[in-house]
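Enquirer: This is the structure I want to talk about, given as structure tokens.
The values are calculated or read from the model by the stated rules, or taken from the named source; none is laboratory data. Please read all numbers here as calculations on a predicted model, not as lab measurements. Note that each Cβ is placed from the backbone with ideal geometry, even for glycine, and that neighbours are counted across all protein chains shown.
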Ligand SMILES: [Zn+2]
């Protein structure tokens, strides 16, 4: 699933030895009160505008949900007159001067049974007497166009079942104060079966959150081991030590039976999956988790952030020994076949993002195209440099400070030290921007393999020398 662009975190200024609660100017002070099957929200708000203000709720680009405003209701205040506009997702407050305004509302939503689709369950709150699932932007109101203000969130009553809150990972009831970005793209999860494991990696505490439903406990250990192996594999590959905490949440869908999807939320991955299987960590889900961890190093324009991150994911899984070179080839071949088969394979790049929420091929083609373009390029670069470790060389030459926010200009500039710039630019324009069909048999491909067209006309990799092909996969 698309990784979300995160807002810049505003650094907070604290003076030494002073508790932060007293130092921070809080514009939105929220208190959450769990009431049997929904959240009641108390907001103490200090407006900037004189006499009236418009507060906004939700984000239409987040799951493409025009009716998201139905998740909040029963707005009340003794300090101001309230007019809500559900179509615009707005709450207008009328008052005199710039008083401190107290406002209350309910956040409550039962997912529908009919026509529920994957983005709807992923991006929509869900509350019941047994669970609570909500992301900040579907819980808190905000001043449109302003995000550099501070918020505080406290609990009056927590649910009687376990909860995990991305800004209070240890499960404490302590109020949390911070910039709006601390809350907006973070979620609160509560479930009768919720299990929160913490474990150390490089001296930082990481969190793994699951609700295994009918599954037995061994999955928990499997996920932790997988997470650790993949994580340390990436660190070796990049010669890098991650010094912040990472949270992996594997939370089953309640209603839909979609194999796996999720949201990258900064230093966390919220993975949703269909729990009607005998393991949480199926091969497909494991790949998805590894892909999301890979976003700690690769992000930016989607052809790179998603496509090259997929190449990286398969590479790391192979180089760590968790998968074989045949698995790697099968993943690339699967993408080649899917791109070849897609009716929209020649739809230019800029028209893809406009149609993203139509889903299907629209949400996947950028992954397919970016990864295959990258794979094709690796063959050319290996031929030009004679370096069998060209993927590692390319990534480390690009450098983490750029691979985390890659753009076309920097990519062309840097890669042109390995091959002719005109050829590189022309191919980028043809294959990524204009989405022309890539010819994969006329350029060199990675040593130890060939590419041929199969009976359906899709290009496919065939390993010709296993030893030579296996040389490409190194961590250090
Ligand atoms: Zn991604």
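Enquirer: Scanning for something surrounded by fewer than 18 Cβ atoms within 10 Å (Cβ to Cβ) and either at pLDDT 95 or above or part of a strand (DSSP E or B) (or both), does segment 144-154 turn up at least one residue?
Expert: There is at least one residue in segment 144-154 that is surrounded by fewer than 18 Cβ atoms within 10 Å (Cβ to Cβ) and either at pLDDT 95 or above or part of a strand (DSSP E or B) (or both).
Enquirer: Does segment 365-382 contain any residue that is assigned to a helix (DSSP H, G or I) and surrounded by fewer than 17 Cβ atoms within 10 Å (Cβ to Cβ)?
Expert: No, segment 365-382 contains no residue that is assigned to a helix (DSSP H, G or I) and surrounded by fewer than 17 Cβ atoms within 10 Å (Cβ to Cβ).
Enquirer: Separate question: Can you confirm whether residue 295 is away from the ligand (no atom under 11 Å from the Cβ) and more than 25 Å from residue 465 (Cβ to Cβ)?
Expert: For residue 295, the condition - away from the ligand (no atom under 11 Å from the Cβ) and more than 25 Å from residue 465 (Cβ to Cβ) - is not met.
Enquirer: Say whether the condition of being more than 11 Å from the ligand (Cβ to nearest atom) and in a helix (DSSP H, G or I) is met by at least one residue in segment 267-281.
Expert: no
Enquirer: So, one more: Read through the list (1) away from the ligand (no atom under 16 Å from the Cβ); (2) in contact with a helix residue (DSSP H, G or I) (Cβ under 8 Å, 6 or more places away or on another chain), then give the number of the only condition that residue 360 fails.
Expert: (2)
Enquirer: If you don't mind, there's one more thing I want to ask. Can you confirm whether residue 233 is more than 19 Å from the chain's Cα centre (by Cα), modelled with pLDDT of 90 or more and either within 13 Å of the ligand (Cβ to nearest atom) or surrounded by fewer than 19 Cβ atoms within 10 Å (Cβ to Cβ) (or both)?
Expert: The answer is no for residue 233.
Enquirer: Among all residue pairs at least 6 apart or on different chains, which show Cβ distances below 6 Å where the first residue, located in segment 309-338, is over 17 Å from residue 288 (Cβ atoms) and the second is more than 16 Å from the ligand (Cβ to nearest atom) and in a loop (DSSP other than H, G, I, E, B)?
Expert: 319/473; 319/475; 336/458; 337/458
Enquirer: State which residue is modelled with the lowest pLDDT when the search covers only segment 177-212 and only residues that are in a loop (DSSP other than H, G, I, E, B) and surrounded by 14 or more Cβ atoms within 10 Å (Cβ to Cβ).
Expert: Here the answer is 212.
Enquirer: Right, here's the next one. Which residues, taken from segment 156-176, are under 22 Å from residue 249 (Cα atoms) and assigned to a strand (DSSP E or B)?
Expert: 163, 164, 165, 168, 176
Enquirer: I need the full set of residues from segment 439-450 which are in contact (Cβ under 8 Å) with a residue 12 or more places away in the chain and either crowded, with 17+ Cβ neighbours inside 10 Å or within 33 Å of the chain's Cα centre (by Cα) (or both), in order please.
Expert: 440, 445, 446, 447, 448, 449
Enquirer: So, one more: Looking at 76, 49, which is the one that is within 28 Å of residue 157 (Cβ to Cβ) and loosely packed, with under 12 Cβ neighbours inside 10 Å?
Expert: None of the other options fit; the residue is 76.
Yes/no per residue for (1) within 24 Å of the chain's Cα centre (by Cα); (2) crowded, with 24+ Cβ neighbours inside 10 Å; (3) within 16 Å of the ligand (Cβ to nearest atom); (4) assigned to a loop (DSSP other than H, G, I, E, B):
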site: 303; (1), (2), (3), (4): yes, yes, yes, no
site: 308; (1), (2), (3), (4): yes, yes, yes, no
site: 315; (1), (2), (3), (4): yes, yes, yes, no
site: 323; (1), (2), (3), (4): yes, no, no, yes
site: 329; (1), (2), (3), (4): no, no, no, no
site: 337; (1), (2), (3), (4): no, no, no, no
site: 340; (1), (2), (3), (4): no, no, no, no
site: 343; (1), (2), (3), (4): no, no, no, yes
site: 347; (1), (2), (3), (4): no, no, no, yes
